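Chemist: One structure, pasted below without further comment.
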Amino acid sequence: MGAPAAARHRPEIDGLRALAITPVVVHHADPAWLPGGYAGVDLFFVISGYLITGIIAAELAEGRFSLWRFWERRLRRIVPALAVMLMVSSIAAWAILTPLDFRQFAKALVAAALFASNLQFARGTDYFYSAEGDRALLHTWTLGVEEQFYILFPLLLLGLWRWRPRMVLPAIAALGLASFALALWLAPRWPLGAFYLLPTRMWELMLGAAFALAPAPERPRDGLALAGLGLIALGLALIGPGTAAPGPLFLLPTIGAALVLRFAQAGGLAARLLGWRPLVGLGLVSYGTYLWHQPVLAFLQYVHFGPLGPGLLLAGIAASVGLGALSHIFIEQPVRQRQRLARPALLVMACAAGIAMPLGTGLAAYFGMLPARSTALAQRLEGLRPADAEAEMVVPEHGALAFVLYGDSHAGHYFGAARARFGRGALVSALGCLSAGGLSSRAPGDPKEPACRALPDALETVVRTRQVRLVIWGQRWQRWLYPAGSDVPLGTTYGAGQPHLFRAMERLAARLPADVRIVIIGNAPTPETAGGALTGGWLRCRAYANVACPRAFPASRAEGRRLNAALEAFAARHPRFVYVDAAAPLCPDGHCLLVQDGRLNFWDESHLTHAAAARVLSQIDPALLRR
């Protein structure tokens with residue numbers, strides 16, 4: 001094992017940090033400007049692995065390493081600046097987000113405060129297509145990876161150093177290779193897990209660690225450092241949003257960073273290039289810039305409808321760098337140099353208090369404390385998201401049932417109104433699922449496909465065991481259809497798949513007792529199909545500062561109009577089916593109303609409020625319950 005990398009200040013590393021933060025910020029401002037810019041975070045991982053390993057190894061060699069001092073330095077470096085960013089972002093989110101988006105933001109806020117964002121996002125947040133509530137804190141996933149690394153890696157290194165010092169470098173190399181192999185294996189099977197989790201990112205940290213411990217070069221190798229800069233540039237040029245991440249192409253920028261870290265030496269051309277004063281200055285404020293750029297750009301994009309022009313984007317980038325500089329000058333440096341919070345006990349208390357505030361805000365929001373201004377409007381218009389909006393199976397244990405609602409989340413949005421109109425009933429549904437005799441909208445291999453395919457069995461069981469005579473089939477009917485056991489689609493319900501849909505509906509009806517009637521509710525006229533500022537719904541539209549939100553949209557843009565006509569014709573041919581037009585009471589005089597009689601018809605971009613659902617269900621004849 002070679003001598004550990006020295007802990008002296010190296011301006012070229014600050015320059016390398018600038019090369020890492022710049023593409024990340026540019027990519028987040030507008031991915032079209034630099035599609036592979038998000039790979040800048042991979043450079044940060046290599047830098048962290050290199051510096052942390054060098055520091056720990058040097059202190060171990062001198063017999064002065066302390067876990068507490070190491071973790072104290074990490075606290076000073078990371079937590080105070082992060083806590084301020086989270087608190088300010090919470091205030092901004094409170095002021096501008098809709099209740100629906102603020103609740104999503106609250107989940108991300110809690111995860112960020114606990115350094116578990118990567119764990120939270122791996123459960124279902126796509127880095128490139130995240131929900132708007134997640135977006136302001138999406139970048140905190142990297143802090144989760146690094147903090148988890150800072151907790152575990154020193155323990156591993158300390159144990160190896162004490163008991164098997166010759167195995168330190170081989171163990172690091174083996175851990176890195178195993179992590180890279182896991183990343184390659186997991187990426188096609190669980191892309192989000194491969195992207196966000198420490199085990200599949202460890203190889204980048206271990207790459208830096210290995211180069212920190214590798215034998216020192218006997219003579220200057222500036223050519224290798226320059227080659228490293230070339231690999232970084234090539235990687236950023238070749239990587240894009242569709243690249244398997246992390247995958248083989250990420251070896252280019254990460255190996256490039258490792259070469260720069262190990263072989264860029266004072267006086268060499270690579271070190272002189274990276275030591276350029278503006279680069280070093282940006283590198284010094286890179287942590288604060290990283291913290292602030294995402295909320296600044298996300299909130300700017302949230303209140304502006306349409307793409308941000310170059311002027312606004314450049315202003316957002318400048319504000320991010322400015323806030324990063326303020327963070328460096330007034331928070332990071334004073335705390336790290338012990339000008340503030342000098343005593344460890346005071347540091348711990350301050351960090352705990354700083355994290356407790358956003359953590360408490362996030363928990364309070366998750367459990368019901370929503371933004372006052374936007375919530376008051378939603379409450380006044382009866383447009384808050386229902387508490388049971390994601391309910392799928394609601395079947396009372398005992399007693400008679402007047403009806404069963406069947407379908408997907410568009411069946412669920414009728415459930416409250418159906419109980420108010422018809423009495424006790426059940427909900428048999430699966431989110432995003434259309435399922436009938438032998439086909440469904442989910443292809444084999446989809447994790448939710450088995451539950452979707454099993455839905456007709458659940459319906460039949462409830463209908464027969466509870467002697468139900470009325471099934472209300474509510475659905476987002478525009479779907480792709482797949483036969484059982486095949487990932488080759490039959491077509492769409494509004495195209496080639498339509499005859500298959502109708503035959504499957506007949507097969508489903510044949511499984512139920514002969515006296516059961518099935519009410520088909522056609523597509524609701526969802527606002528997102530109206531396009532423009534209504535894509536996220538009326539409440540979301542209200543958050544834009546540069547548009548006036550309409551209260552209606554043309555019925556010609558209502559979802560599934562032609563499919564609704566086909567459903568109506570199908571029901572007319574089959575005496576067991578009754579068709580109800582969801583658009584009729586919501587779209588009078590050729591316009592679909594977003595606000596009707598002082599109440600919202602939709603609580604998001606596609607789901608009906610209780611008032612709108614009640615209008616639709618008022619068309620169902622209660623006599624159907626008595627058949």
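The values are calculated or read from the model by the stated rules, or taken from the named source; none is laboratory data. Please read these numbers as outputs of a predicted model, since none were measured by experiment. Note that each Cβ is placed from the backbone with ideal geometry, even for glycine, and that neighbours are counted across all protein chains shown.
Chemist: Take Trp477 and decide whether it is assigned to a strand (DSSP E or B), modelled with pLDDT of 95 or more, closer than 17 Å to Leu405 by Cβ and among the aromatic types (Phe, Trp, Tyr).
Modeler: No; evaluated as a whole, the condition is false for this residue.
Chemist: Let me ask another. Listed residues Pro386, Pro358; which is under 27 Å from the mean Cα position of the chain (by Cα), buried (at least 21 other Cβ atoms within 10 Å of the Cβ) and not assigned by TED's automatic domain parsing to the domain that holds Arg599? Break it down into steps so the answer makes sense when it comes.
Modeler: Details: Pro386 fails: buried (at least 21 other Cβ atoms within 10 Å of the Cβ).
On inspection, the qualifying residue turns out to be Pro358.
Chemist: Do we have Leu152 as out of contact with any helix residue (DSSP H, G or I) (no Cβ under 6 Å at 6 or more places or on another chain), in a helix (DSSP H, G or I) and farther than 21 Å from Arg64 by Cβ here?
Modeler: yes
Chemist: If the requirement is being without any contact (Cβ under 8 Å) to a residue 24 or more places away in the chain, surrounded by 18 or more Cβ atoms within 10 Å (Cβ to Cβ), in contact with a helix residue (DSSP H, G or I) (Cβ under 6 Å, 6 or more places away or on another chain) and not in a loop (DSSP other than H, G, I, E, B), which of these qualifies: Leu86, Leu160, Leu169?
Modeler: It is Leu160.
Chemist: I've got another one for you. From the list Ala325, Ala342, exactly one residue is of a type outside the set (Asp, Glu), free of Cβ contacts under 8 Å to residues at least 24 places away in the same chain and more than 30 Å from Gly532 (Cβ to Cβ). Which is it?
Modeler: Among Ala325, Ala342, only Ala342 is of a type outside the set (Asp, Glu), free of Cβ contacts under 8 Å to residues at least 24 places away in the same chain and more than 30 Å from Gly532 (Cβ to Cβ).
Chemist: From (1) more than 30 Å from Ala298 (Cα to Cα); (2) assigned to a helix (DSSP H, G or I); (3) acidic (Asp, Glu), pick out the condition that doesn't hold for Glu528.
Modeler: Looking at each condition in turn, Glu528 falls short on (1).
Chemist: Out of contact with any helix residue (DSSP H, G or I) (no Cβ under 7 Å at 6 or more places or on another chain), in contact (Cβ under 8 Å) with a residue 24 or more places away in the chain, in a helix (DSSP H, G or I) and in the same structural domain as Leu197 (by TED's automatic domain parsing): which single residue out of Ala95, Ala111, Ala106 fits that description?
Modeler: On the way: Ala111 fails: out of contact with any helix residue (DSSP H, G or I) (no Cβ under 7 Å at 6 or more places or on another chain); Ala106 fails: out of contact with any helix residue (DSSP H, G or I) (no Cβ under 7 Å at 6 or more places or on another chain).
It is Ala95.
Chemist: Can you report the number of residues in region 218-251 which are more than 21 Å from Arg17 (Cβ to Cβ), hydrophobic (A, V, I, L, M, F, W, C) and assigned to a helix (DSSP H, G or I)?
Modeler: The qualifying residues number 2.
Chemist: Please go through region 431-447 and pick out each residue that is without any contact (Cβ under 8 Å) to a residue 40 or more places away in the chain and either in contact with a strand residue (DSSP E or B) (Cβ under 8 Å, 6 or more places away or on another chain) or β-branched (Val, Ile, Thr) (or both).
Modeler: Answer for region 431-447, where residues must be without any contact (Cβ under 8 Å) to a residue 40 or more places away in the chain and either in contact with a strand residue (DSSP E or B) (Cβ under 8 Å, 6 or more places away or on another chain) or β-branched (Val, Ile, Thr) (or both): just Cys433.
Chemist: Evaluate the following for Tyr482: is it of a type in the set (Phe, Trp, Tyr), part of a loop (DSSP other than H, G, I, E, B) and over 24 Å from Tyr414 (Cα atoms)?
Modeler: So Tyr482 does not fit the description; no.
Chemist: Also, I was wondering about something else. Whether any residue in region 459-470 is assigned to a strand (DSSP E or B) and aliphatic (A, V, I, L, M) is what I want to check.
Modeler: For region 459-470, residues assigned to a strand (DSSP E or B) and aliphatic (A, V, I, L, M): present.
Chemist: Sticking with this one: Within the set of pairs 6+ apart or on separate chains, which have a first residue in region 484-504 that is farther than 21 Å from Glu559 by Cα and free of Cβ contacts under 8 Å to residues at least 40 places away in the same chain, a second that is hydrophobic (A, V, I, L, M, F, W, C) and surrounded by fewer than 18 Cβ atoms within 10 Å (Cβ to Cβ), and C-beta atoms under 9 Å apart?
Modeler: Within 9 Å, the pairs are Val488/Ala443.
Chemist: From Leu313, Leu323, Leu261, grab the single residue that is closer than 24 Å to Asp222 by Cβ and part of a helix (DSSP H, G or I). Working first, answer last.
Modeler: Numbers: Leu313 fails: closer than 24 Å to Asp222 by Cβ; Leu323 fails: closer than 24 Å to Asp222 by Cβ.
Unique residue meeting the criteria: Leu261.
Chemist: Looking only at region 438-485, count how many residues are closer than 23 Å to Gln498 by Cβ, small (Gly, Ala, Ser) and out of contact with any Lys or Arg (no Cβ under 6 Å at 6 or more places or on another chain).
Modeler: Residues meeting the conditions: 5.
Chemist: Could you please find all residues in region 390-405 being buried (at least 17 other Cβ atoms within 10 Å of the Cβ) and under 18 Å from Ala420 (Cβ atoms)? Lay out the reasoning, then the answer.
Modeler: Step one: list which residues in region 390-405 are buried (at least 17 other Cβ atoms within 10 Å of the Cβ), which gives 392, 401-405.
If the condition is that a residue be buried (at least 17 other Cβ atoms within 10 Å of the Cβ) and under 18 Å from Ala420 (Cβ atoms), then Leu401, Ala402, Phe403, Val404, Leu405 are the ones that fit.
Chemist: Return the total of residues in region 572-589 being of a type in the set (Gly, Ala, Ser) and over 16 Å from Ile620 (Cβ atoms).
Modeler: At the first step, the residues of region 572-589 found to be of a type in the set (Gly, Ala, Ser) are 572, 582-584.
Adding the requirement that they be over 16 Å from Ile620 (Cβ atoms) leaves 572.
Total meeting the criteria: 1.
Chemist: I've got another one for you. Considering only residues of region 20-62 that are of a type in the set (A, V, I, L, M, F, W, C) and free of Cβ contacts under 8 Å to residues at least 60 places away in the same chain, which is surrounded by the most Cβ atoms within 10 Å (Cβ to Cβ)?
Modeler: By that ranking, first place goes to Ile55.
Chemist: Residues that are farther than 28 Å from Leu60 by Cβ and assigned by TED's automatic domain parsing to the domain that holds Ala57: does region 211-225 have at least one?
Modeler: Taking every residue of region 211-225 in turn, at least one turns out to be farther than 28 Å from Leu60 by Cβ and assigned by TED's automatic domain parsing to the domain that holds Ala57.
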